1. Would it be correct to say that residue A:234 is open to solvent by less than 80 Å² (accessible area, probe 1.4 Å) and more than 23 Å from residue A:108 (Cα to Cα)?
2. At pLDDT below 90 and either of a type outside the set (Asp, Glu) or out of contact with any Leu (no Cβ under 7 Å at 6 or more places or on another chain) (or both) - does that describe any residue in region A:174-192?
3. Please go through region A:239-276 and give me each residue that is assigned to a loop (DSSP other than H, G, I, E, B) and open to solvent by less than 20 Å² (accessible area, probe 1.4 Å), ordered by number.
4. Need a quick list: helices (runs of 4 or more DSSP H) entirely within region B:46-163 having at least 1 residues that are within 21 Å of residue A:280 (Cα to Cα).
5. Go through region B:272-352 and tell me which helices (runs of 4 or more DSSP H), entirely inside it, have 3 or more residues that are closer than 22 Å to residue B:108 by Cα and touching a strand residue (DSSP E or B) at 6+ places or on another chain (Cβ under 7 Å).
6. For region B:212-254, which residues satisfy the criterion of being of a type in the set (A, V, I, L, M, F, W, C), over 30 Å from residue A:164 (Cβ atoms), assigned to a helix (DSSP H, G or I) and away from chain A (no Cβ under 14 Å)?
7. Any idea which of B:389, B:420 is closer than 20 Å to residue B:190 by Cβ, open to solvent by less than 10 Å² (accessible area, probe 1.4 Å) and not in a loop (DSSP other than H, G, I, E, B)?
8. Any chance you could count how many residues in region A:116-137 are within 23 Å of the chain's Cα centre (by Cα) and aliphatic (A, V, I, L, M)?
Amino acid sequence: MTTTVATAATRRERPAATDRAVAENRLGLKLVAPAVIVMLVVTAWPMIQALYLSLYRYRLTTPDDRAFVGLRNYGTILTDSLFWRDTFNTVVIMLVSVAVELVVGFVFAMVMHRVIFARGIIRTSILIPYGIITVVSAFAWQFAFSLNNGFVNSWFAWLPGIQTGADATNWFGHHWPAMFAIIVSEIWKTTPFMSLLLLAGLSQVSEDMIEAAQVDGATWWQRLWKVILPNMRAAIMVAVLFRALDAFRIFDNIYVMTRGAQNTESSSFLTYRQVIEQFQLGLGSALSVLLFLTVLLLAFGIVKLFRVDLARARGEG
Amino acid sequence: MRGPRRTRGLAVGLAAALASTTLAACSAASGSKPEIIWYTNPDNGGQAALAKACSTSRYTITTQTLPQDATQQRVQLARRLNAHDSSIDLMSLDPAYTAELANAGYLATIPAALQASLKAQSFKGAVDASSWNGKLAVAPFWSNTQVLWYHKSVAQKAGLDMSQPVTWAQIIDAAAKTGTKVAVQANKYEGYVVLINALVMGAGGEIVSDLTKGVDAKIDIDSAAGRAAAAVVQKLAHSAATPPDLSIAQEGQSESTFASASGGFLTNWTYIYSAHSKAMGDDLGYARYPETVAGKTSRPPYGGIGIGVSKYSHHVALDMAAVKCLTSPTSQGKYAVAEGNMPASAAGYAYPALQKAYPADLLKLFQQSVTDAGPRPATPYWSDISGALQSTWHPPASVNQGTPAASAAFISDVLHGRSLL
């Protein structure tokens, strides 16, 4: 109640805008208008178009067969086992890759933060995979896991279940080995990005606080769990959020490595196939709308999970 | 003051230069010969050489290469044609997608006189595969077919009489006995459906029929023939003759398996002879495509290319003249010698250099196989049917006697929009 009254009072006390301020506001609006229009054309229009198309039975090569079907496309998708199987694949890829990347990325961030010799070389070496185009890295990993000329089979032949020669292990011949190869390539490619974001968070943790904890007799683990990680919560959230959304959209690795064979399709691959390969503009648009909503939900969930006040994290609080 | 003046001068100069270049380009374009752009499937330059040979004083034919994969070729062409892209004049089309593009109205009608001459010169299988609604939608250019390639030493060791028709079961057993492999195309792609279709048709059945009914076509794969086809895939996938990369093998991988030390048998297109006859010498054997069921004549796969003319081209009449030259028996013969892809006409096979380059019995086998071939169903919905088959029959190790019934139900659901593909 007090807050409301105070706010109302503040509002009442605010002086009326001067002519100059009004003119400046108007000019500001005029200056941003082109950018807003471009944004609407580039992002909002395709989204509205997708929403509109998702209500139709519409296939590019049979235009005479176009008909309004309402929400039937959504019904077809949500009751289809293929959609749920691909969503499950996507979630598995996202959870495993983000979890592994968070741990490995943090170790890399610590190395980059603390290293005192050859700092430039070590930092650059850690970041190299992220500089490689995803399609190129996917091809590199496909060759690595290839049963004809890949090194994985020959290097790891000592592990049970991995074979070389005439009966070499076919990594892309079965579901879970293929998923493993895809996840490995994803982790290799994007761990540096995760470590870069975590490094930014790590460098913001006050050295005084860590020293104070050390003086108080806190062990290394205690300093990590009680001082460093809690103070990095916003950075960790941003890293997890970015990577989770990125992993949820996974497409390139799967396209190059399996083309979706052995049931390794992701949600975005399914959408691609419906729209681009099957020319099913109606069903494909409905899928892309669902994908968009899932990503929104995911972003909202992660922000809630970390209970971080974004305004405060930006230093506005 | 000096700066702005110099900039303005520079701008005026650039604008003048640009205007004069544009005008020059316009005048050059209006006065020069029309350029016919032919989108070809990738090869070693055979189609580009034909384009050069068929260019005349009235027009120049130039080529642009489509993606390697037939599915990607379809995607690129259909999307651009749907956008009325006039920069595509001619296109090399895989028979699997001719019906779809013709039904969508993307292809220009071939004049009656050209239709008549193309029909007269081409094999019946080539005419059927190039037609939609009883008319030629594309001009048959080359007709591919698969035969059984084998190592003579392996067949001899296994005691297989290759002068008689052999069954799939026989070659799988022979390879297992000799420690060699049977290489086929079984990746999740169109090439695997080519195998499934050949197996089903070889057992006297069909995947779908009544094709004019579109999505309501009759789905026939859940039949004795479908189950015979499934039995062959099942036997191959669980045999000692299975290459380790069976489930990801396309033409190239199966070719490598055949050429390796464990190579035994291979079903693949006609170009295998030109690619391997030198290295393998007398050991390279060839026979008719294997039988699905003993005693029932096999129906070898039909492939090839037809040349279509875009409805959105700015010079359709000239395009038709170009097509006539590109698909003439001489052009077909030249192309067969250059690329190992066989002509779509008997007259093409008569090309002297082709007769010289290949053994007479092999050319006879190719022609007989094209004549008896079992083409994939010509329907605008083939990509859905093919995709549904790929989903239910892949990986080969998952195929069992229930697969044909499952694929029939899935094809129906996909065609009627009840299921995602």
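The values are calculated or read from the model by the stated rules, or taken from the named source; none is laboratory data. Being a predicted model, the structure only gives us computed values, none of them experimental. Backbone-built Cβ (ideal geometry, glycine too); neighbour counts: all protein chains shown. Heads up: the accessible areas ignore ligands, DNA and RNA and are worked out on the full protein's heavy atoms, side chains in. Shrake-Rupley method; radii C 1.70, N 1.55, O 1.52, S 1.80 Å.
1. Against the criterion (open to solvent by less than 80 Å² (accessible area, probe 1.4 Å) and more than 23 Å from residue A:108 (Cα to Cα)), residue A:234 does not qualify.
2. Yes, the conditions are met somewhere in region A:174-192.
3. A:250, A:258, A:260, A:261, A:262, A:264, A:265, A:266
4. Answer list for region B:46-163: B:70-82, B:95-103.
5. Numbers: elements: B:272-280, B:316-326, B:329-339, B:346-349.
Output list reads B:316-326.
6. Passing the criteria: B:224, B:225, B:228, B:229, B:230, B:231.
7. Result of the check over B:389, B:420: B:389.
8. Qualifying residue count for the region: 7.
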